[in-house]
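Here the structure is laid out as structure tokens; the discussion comes afterwards.
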Amino acid sequence: MNNLKQLIIDKIKKEGPVSFETFMDMALYHPESGYYSSPGTSVGKEGDFYTSPHLHAIFGAMIGRQFMEMWESMGKPGSFYAVEIGAGHGYLCKDILDYLQKCSDMPDLTDFQRAFRYVIVEPYTHFEQKQKEILKEHIESPPPNIIENRKLNEIRWINSLNELDNITGCIFSNELLDAFPVHLIEMKDTLEEVYVNVDGDGFFEENSDLSSEALSQYLSSFSISLDYGFRTEINLRIRDWLQDVSSVLKHGFIFTIDYGYTASEYYNDDRTSGTLLCYHQHLYNEDPYKNIGEQDITAHVNFSSVKTWGEELGFKTLGYCPQGTYLISSGIDEVITELYADSPDYLSEVSKIKGLIMPQGMGESHNVLVQYRGDRSPHLRGLSMRNLKSSL
């Protein structure tokens, strides 16, 4: 029996059954042995799952272009913070900075570089070490021109968002919210919550009263009606996260990429068992009670909740669309030509890029949500083709 499993068993024996949210929190984030807090966790080909930056570097190039467009739409402020939460090994940061060094012919690039600040929010030392290894060239070898005695590609690491204050720019994430611990609920004669109990050296589930009135309020606020036997997830941590973002972002954008649905899609009859999945060595399973601390546990995002709770905090919803549509509308064809037109591996590069935009890949499974706080009315190119914000 691994150490984390024993710790959870001991907690339940001492305190009684725990909500699934508590179990998931310990399995993923226990300070010593949780999946993400453990030094042994790896993302990418050598890990348990991969994300868009692992498919192709052009994903980061498109994000870099997006930052420039956001900066311009904000009136070209003197500082623009690009704050990444959930940076993994740092590949997305590397691809963004690589591209912003290459596109020297873009208008206003020097002014943008003068304003640009890259910040990684990373609470775990082992991930920060991996990021610094991937980003070694950007940390140790500044480009030829120095602006105001500052590296063009300077990167700052912080442990939490509360180390920032009144920033302008963009707080962004790629596959972050799906890893927040969720409550499991099940509709019986009344709404019940799933708890985790212990039987010997194993776990079993049992239903009981809701641990928080916020769970039933959540269903009411999104007009969700569940039939008998319907089992699903509720992610309340997103609201807390948005409050943290709101407390530091004075003017700018929340840019969220993740897999998920609108509330009406999430809680319909096609998903009566919910969306909870586990990933271990690039294989998925539906058993969160095995490989504890050694597998990822994830649930899809209810983007309607991100929109609603963001608007309650003063963020306008600019747009929502599939990742593929967003990248095409943003001009990914132009960047392919810019970066690879003369490459002998052009067809190979295009083949890899298709995984980012095609419906069979991440083009439809992943969605983009852009929210904005400020007194302007930004119109972003990536949201111009198929803006589905009215469906949220």
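The numbers here are math on the coordinates, done by the rules we state, and not lab data. Source: prediction; values computed, not measured. Using ideal geometry, Cβ is built from the backbone for each residue, glycine included, and neighbour counts are taken over all protein chains shown.
Within a 10 angstrom radius of the beta carbon, how do 164, 388 rank from fewest other beta carbons to most?
Result, fewest neighbours first: 388, 164.
I'd like to compare 210-217, 28-35: which one has the highest average count of other Cβ atoms within 10 Å, and what's the full order after that?
Going by the mean number of other Cβ atoms within 10 Å, highest first, we get 28-35, 210-217.
Skipping prolines and chain starts, which residues have an amide H placed within reach, meaning under 5 Å, of the one on residue 319, given they are 5 or more residues away or on another chain?
370
Taking other Cβ within 10 Å of each residue's Cβ, how do 354, 136 sort, fewest first?
Ranking 354, 136 by Cβ neighbours within 10 Å, fewest first, gives 136, 354.
Can you say what percent of the DSSP beta bridges in the chain, counting only those with both residues inside, are antiparallel? Round to 5.
60
Rounded to the nearest Å, what's the spacing between the alpha carbon centres of segment 60-81 and segment 233-306? Just the number, please.
What the calculation gives is 27 Å, centre to centre.
Order of 308, 272, 125 from fewest to most other C-beta atoms within 10 Å?
Final ranking by Cβ density, sparse to dense: 125, 272, 308.
Decide, for segment 268-335, between rounded, prolate and oblate: order the square roots of the alpha carbon gyration tensor eigenvalues as a ≥ b ≥ c, take rounded if a/c falls under 1.5, and otherwise choose prolate if a/b is larger than b/c, else oblate.
Oblate is the answer for segment 268-335, as a/c is 1.5 or above yet b/c matches or exceeds a/b.
For segment 204-251, just say rounded, prolate or oblate: build the C-alpha gyration tensor, square-root its eigenvalues into a ≥ b ≥ c, call rounded for a/c under 1.5, and beyond that prolate if a/b exceeds b/c, oblate if not.
In terms of gyration-tensor shape, prolate.
Let me understand the chain better: what is its radius of gyration from the alpha carbons, and its Dmax, in angstrom?
According to the Cα coordinates of the chain, Rg and Dmax are 21.5, 69 Å.
Counting pairs of alpha carbon atoms under 8 Å apart in space and at least six apart in sequence, what relative contact order in percent does segment 3-391 give?
Relative contact order, segment 3-391: 19 percent.
Is the shape of segment 1-139 rounded, prolate or oblate, going by the alpha carbon gyration tensor and its root eigenvalues a ≥ b ≥ c, with a/c under 1.5 for rounded and a/b larger than b/c for prolate?
prolate
In this model, which of 136/352; 130/352; 132/316; 102/354; 76/102; 130/389 are farther than 29 Å apart at the alpha-carbon?
Over 29 Å apart, Cα to Cα: 132/316; 130/389.
So what are the ³J(HN,Hα) numbers for segment 242-249, from phi and the Karplus equation (6.51, -1.76, 1.60; θ = phi - 60°), rounded to whole Hz, Gly and Pro as x?
Per residue, the Karplus-derived 3J(HN,Hα) values read 4, 5, 5, 4, 4, 6, 10, 9 Hz.
Would you please state the base-10 log of I(q)/I(0) at q = 0.16, 0.17, 0.27 1/Å for segment 76-125, with intensities from the Debye formula using one equal scatterer on every alpha carbon?
-0.52, -0.58, -1.08
Under 14 Å Cα-Cα from residue 94, which aspartates and glutamates qualify once same-chain neighbours fewer than 8 residues away are excluded?
Within reach: 84, 128, 133, 137, 140, 154.
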